[in-house]
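Q: Okay, here's the structure, questions in a sec.
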Amino acid sequence: MRYWTGAAVALALALLQASSMQQFKVVGATPNLLLVLLVSWLVVRGLDDVLPMIAVAGITIGFVGLQTPGLVLLALLPIVGLGLLREMHVIHSDLLLVLALVAAATVAYESIIVASLVATGGGYDVIAALRSAVIPAALVNVIITPPVYVVMRLAKPSSRHNRLAY
Amino acid sequence: MTPRTLAWTGFIAIAAFVLMAASRLTVLDPVENVTLNVTSPVQSVMRSVTRPVADWVNNITDAGALSAENRKLRDDNERLTNDLARAREDAIQQQSAIDLNTVRQAFPNDVFVAASVVSRDTSSVRSIIAINRGTSDGVHEGQIVVSEGRSLVGTITKAFDSYSWITLITDPKSAVSAIVQESRSEGVVAGNYDASLNMEFVGQGAAVKQGDFVLTSGVGGGYPPNIVIGRVATVAKTEQDLFQRVSVDHLASLSNIEYVLVLTSFVPHKLEKP
C-alpha cells in the first residue's frame, strides 16, 4: 500500500513540477521540488522506499515535462548512489545529510541534462552551464530543502518520527 | 545493495535508455500527445492555483516589483519598440533600393496560428515550452514562433497531433542568423544557459552600439528576414579577440510568456551544398 501512496505522491509532484515550478524561478534557477522530495524521502525512509517513486516521477516528468522521455529517469538515477552513501553514516546529522545529498543530487541531475545537450549538439560552454544553471539550481534546491524535509519527517509513520535530528 | 534495490536500479536504468531510444525513433509521439492531452487541464488548474503564490514569492525576490504591471509595461514596450524597428527597417529598405517584392515573394502572406503555452521545461538548463497547437492545426517542425508583439520567440522543434514544443531563442541550442539594423553587421544570435542572448561573429570593425535593433537576417533560410529579436544591451571588444562580444536583450518576455503566434505560412529552407 505504501508504494501506491508513494507513487501517487510522485505522480502529483511530477505534474506540479511540470506545471507550476517554472513560475518560481529564483536567481535564474527553477526549484526542483520533485528532486528535493525524493532525496528527503530517501533520507527519511531509505532507498527501497524511494526507488518506485523515482521510476514513477521520472517517467511522468519525461512525458509532461518537455524533456526527452527517459532522460529525467537517467538524471534521477544518481539518487541510488547517494542512497548507498547515506547507508555509510558519514554525516550524523540528518539535516546536514539531506542538504548535502540534495546539493549533490541537483548537480548530478543538471549535469546529466547538460551532458545530453552537449551530446546532441549545443550548449558547449560547460563552465557557463555550471555557473549559470547547475550551481544556482543546487543553491535554490538546498534553500527549499529544510521545510520539505521537516514535512517528510513529520509524515513518517514510525516511532522515531517525532525526533528531528539537527 | 539488496537484490530488490539492485532490481529496481536495473529497471530504472534500462527503462531510461529504452525510453530515450524510443523517443529518438518517434515511437512515443502518440503517447506524449495523449499524455499532454490528459494532463494539460490538470496542469492548467495547478498553474492557476499556484500563480498567486508564485507572484507573491516573485514580488519578494524582485524587491517589491509589481510583476503584473511590469509584464504589461514590457508588452507595451515590446509592441512600440517593434513598430519603431519596423518603421526604421522600412526606411532603410527604401533607402537602399531593395526590391520589396523580392522579399514578399519569399515571405508572401503572414498566416499565424495563435496558441497558449501549456507546459514548460522542468530543468534549469533548457528553455523549452509546449503549446496547445499541433500538426492538426497546421503546425510543423521548423516553423517559427513570435510573440503577440511580433518579436521572435523560437522555433517549433517537435510537433505532435495537438501539441508542439518550442525551443526558445534563449535555449543553449538555439542559433539565429541576425543583422544589426543600424550598422547592417551580420552575426548569429545564440542562447545561453542563463537564458540570455549573445550575438556572435560580429567583426571587430562593425559599428555596433548599445540600443541598436537586432533582427533576423534570413541568411540560411531557417528564419524569415526582418523579425525583431531584441536590442543590443552591451558591446565589449578587446584587441586580442577576433569578434566583438555583443549581448542582446530579447524583446519578448520569454520567462512568463502565455500566448504565442506560430507563423505557419513560412516554410524553412534547407540549404544544400553547391
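Q: Answer yes or no: is there a residue in the stretch B:124-133 that is surrounded by fewer than 14 Cβ atoms within 10 Å (Cβ to Cβ), under 21 Å from B:Thr170 (Cβ atoms), at pLDDT 80 or above and in the same structural domain as B:Leu263 (by TED's automatic domain parsing).
A: There is no residue in the stretch B:124-133 that is surrounded by fewer than 14 Cβ atoms within 10 Å (Cβ to Cβ), under 21 Å from B:Thr170 (Cβ atoms), at pLDDT 80 or above and in the same structural domain as B:Leu263 (by TED's automatic domain parsing).
Q: Okay, moving on. Pull up the stretch B:19-32, narrow it to residues that are in contact with a Gly (Cβ under 7 Å, 6 or more places away or on another chain) and of a type outside the set (Gly, Ala, Ser), then point me to the one that is farthest from B:Lys158 (Cα to Cα).
A: Taking the stretch B:19-32 and keeping what is in contact with a Gly (Cβ under 7 Å, 6 or more places away or on another chain), we get B:19-20, B:23.
Right, trim to of a type outside the set (Gly, Ala, Ser) and you get B:19-20.
Values: B:Leu19: 17, B:Met20: 15 Å.
It comes out as B:Leu19.
Q: Given the conditions (1) over 17 Å from the mean Cα position of the chain (by Cα); (2) of a type in the set (Val, Ile, Thr); (3) closer than 22 Å to B:Asp75 by Cβ, report the number of the one that B:Ile229 does not fulfil.
A: Checking B:Ile229 against (1) over 17 Å from the mean Cα position of the chain (by Cα); (2) of a type in the set (Val, Ile, Thr); (3) closer than 22 Å to B:Asp75 by Cβ, the one that fails is (1).
Q: For the stretch B:194-209, enumerate the residues that are touching a residue at least 24 places away in the same chain (Cβ under 8 Å), not in a strand (DSSP E or B) and not β-branched (Val, Ile, Thr).
A: Taking the stretch B:194-209 and keeping what is touching a residue at least 24 places away in the same chain (Cβ under 8 Å), we get B:195-204, B:206-209.
In the following step, the residues that additionally are not in a strand (DSSP E or B) were identified as B:195-196, B:204, B:206-209.
Listed by number, the residues that qualify are B:Ala195, B:Ser196, B:Gln204, B:Ala206, B:Ala207, B:Lys209.
Q: Something else: Could you look through the stretch A:79-114, keep only residues that are of a type outside the set (A, V, I, L, M, F, W, C) and surrounded by fewer than 17 Cβ atoms within 10 Å (Cβ to Cβ), and pick out the one that is modelled with the highest pLDDT?
A: In the first step, residues of the stretch A:79-114 are kept if they are of a type outside the set (A, V, I, L, M, F, W, C); the result is A:81, A:83, A:86-87, A:89, A:92-94, A:106, A:109-111.
This time we only want the ones that are surrounded by fewer than 17 Cβ atoms within 10 Å (Cβ to Cβ), so: A:81, A:87, A:89, A:92-93.
Details: A:Gly81: 88, A:Glu87: 79, A:His89: 78, A:His92: 78, A:Ser93: 83.
Only one residue tops the list, namely A:Gly81.
Q: Suppose we filter A:Val56, A:Val44, A:Val50 for residues that are closer than 22 Å to B:Pro3 by Cα, assigned to a helix (DSSP H, G or I), in contact with a Phe, Trp or Tyr (Cβ under 6 Å, 6 or more places away or on another chain) and more than 7 Å from every other protein chain (Cβ to nearest Cβ); which single one remains?
A: On the way: A:Val56 fails: in contact with a Phe, Trp or Tyr (Cβ under 6 Å, 6 or more places away or on another chain); A:Val44 fails: in contact with a Phe, Trp or Tyr (Cβ under 6 Å, 6 or more places away or on another chain).
One residue alone meets the criteria, A:Val50.
Q: Confirm whether A:Met21 is more than 8 Å from chain B (Cβ to nearest Cβ) and more than 20 Å from B:Ile12 (Cα to Cα). Even if it seems obvious, please write down each step before you answer.
A: Details: more than 8 Å from chain B (Cβ to nearest Cβ): no; more than 20 Å from B:Ile12 (Cα to Cα): yes.
The answer is no for A:Met21.
Q: Here is a further query. What is the one condition in (1) surrounded by 24 or more Cβ atoms within 10 Å (Cβ to Cβ); (2) part of a helix (DSSP H, G or I) that A:Gln67 does not satisfy?
A: Unmet condition: (2).
Q: Which ones in the stretch A:116-132 are of a type in the set (Gly, Ala, Ser), without any contact (Cβ under 8 Å) to a residue 24 or more places away in the chain, assigned to a helix (DSSP H, G or I) and surrounded by 13 or more Cβ atoms within 10 Å (Cβ to Cβ)?
A: Going residue by residue through the stretch A:116-132, those that are of a type in the set (Gly, Ala, Ser) are A:116, A:119, A:121-123, A:128-129, A:132.
Imposing the further condition that a residue be without any contact (Cβ under 8 Å) to a residue 24 or more places away in the chain reduces the set to A:119, A:121-123, A:128-129.
The next check asks that each one be assigned to a helix (DSSP H, G or I); those that pass are A:119, A:128-129.
Hits for the stretch A:116-132 are A:Ala128, A:Ala129.
Q: Please specify each residue of the stretch A:110-154 satisfying the condition of being more than 30 Å from B:Val188 (Cβ to Cβ) and either more than 18 Å from the chain's Cα centre (by Cα) or among the charged types (D, E, K, R) (or both).
A: Initial filter on the stretch A:110-154 (more than 30 Å from B:Val188 (Cβ to Cβ)): A:138-154.
Passing the criteria: A:Arg153, A:Leu154.
Q: What about B:Gly191, is it farther than 15 Å from B:Ile227 by Cα, touching a residue at least 60 places away in the same chain (Cβ under 8 Å) and surrounded by fewer than 22 Cβ atoms within 10 Å (Cβ to Cβ)? Before the answer, list the steps.
A: Values: farther than 15 Å from B:Ile227 by Cα: yes; touching a residue at least 60 places away in the same chain (Cβ under 8 Å): yes; surrounded by fewer than 22 Cβ atoms within 10 Å (Cβ to Cβ): no.
So B:Gly191 does not fit the description; no.
Q: Does the stretch B:1-26 hold any residues that are among the basic types (Lys, Arg) and facing chain A (nearest Cβ under 7 Å), and which are they?
A: From the stretch B:1-26, those among the basic types (Lys, Arg) are B:4, B:24; that's our starting set.
Of everything in the stretch B:1-26, just one residue is among the basic types (Lys, Arg) and facing chain A (nearest Cβ under 7 Å), namely B:Arg4.
Q: B:Gly154: of a type outside the set (A, V, I, L, M, F, W, C) and not in a loop (DSSP other than H, G, I, E, B), yes or no? Quick ask: steps written out before the conclusion?
A: Numbers: of a type outside the set (A, V, I, L, M, F, W, C): yes; not in a loop (DSSP other than H, G, I, E, B): yes.
Yes: the conditions hold for B:Gly154.
Q: Scan the stretch A:62-80 for residues that are out of contact with any Phe, Trp or Tyr (no Cβ under 8 Å at 6 or more places or on another chain) and free of Cβ contacts under 8 Å to residues at least 12 places away in the same chain and report the count.
A: Total satisfying the criteria: 2.
The values are calculated or read from the model by the stated rules, or taken from the named source; none is laboratory data. Just so it is clear, the model here is predicted, and its values are computed rather than measured. Because the Cβ atoms are built from the backbone with ideal geometry, glycine has one as well, and the counts that use them run over all protein chains shown.
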